[in-house]
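The values are calculated or read from the model by the stated rules, or taken from the named source; none is laboratory data. Computed from a predicted structure; not experimentally measured. Cβ coordinates were reconstructed from backbone atoms using ideal geometry, including for glycine residues, and neighbour counts include every protein chain displayed. Note: accessible area is taken over every heavy atom of the protein model, side chains too, but ligands, DNA and RNA are not part of it. Shrake-Rupley method; radii C 1.70, N 1.55, O 1.52, S 1.80 Å.
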Amino acid sequence: MSELRDLYQQVILDHNRKPRNFRRIANANRTAEGYNPLCGDRITLELTVEDGVVKDAAFQGAGCAISTASASMMTSNVIGKSERAVDALFQGVHAMLTGANGAAVEGKLGVFAGVREFPSRIKCATLAWHTIEAALHGAAEPVSTE
Ligand code: ZN
């Protein structure tokens, strides 16, 4: 079990050190800001959405390792997906992070199941996902996890 935890940590630390899609998008047509006051994590998310498909996704901001890794992996996972598929992925990740037992997500996103053991960090992991939902569904106000 501790080996599994090491794997979680390695994946998260790798994405924190080398965040994927940490950049701006010149022709973004959706954007949202997310803030987690519990930890101080802030992200600005930019998307290019065409014909209901996320063509590009990128983020900027500053936060803890978990929030940065989550945004890195979230953007990597949504590029090329339809808005509906992104919504389904959000539901799956949210259930995995907050659900009682056994909710799981396939692939590398599953590493965030390890965060469940640290309840104070769950909002760090969900911030990027709440932010993309806001970007896709048009929340006018910045997203706060509070
Ligand atoms: Zn955090």
Mean accessible area per residue over the stretch 2-137 (1.4 angstrom probe, all protein chains present, square angstrom) is 49 Å²
As a Kirkwood estimate from alpha-carbon pairs, the stretch 2-137 has a hydrodynamic radius in angstrom of 14.7 Å
Most fluctuating of Gly107, Gly61, Gly80 in the GNM of the chain (C-alpha, under 10 Å) is Gly107
Each label sits 7 Å from Cα toward the beta-carbon; between Lys18 and Ala95 the label points are separated, in nm, by 3.3 nm
Largest fluctuation, Ala95, Ala58, Ala26 only, Gaussian network model of the chain with Cα springs under 10 angstrom, belongs to Ala26
Of the accessible area of the chain, computed with a 1.4 Å probe and all protein chains kept, carbon and sulfur make up a percent value of 50 percent
With all protein chains present and a 1.4 Å probe, the order of Lys123, Lys108 from largest accessible area down is Lys108, Lys123
Counting lysine pairs in the chain that sit 8 or more positions apart or on different chains, with Cα atoms under 19 Å apart, gives 4
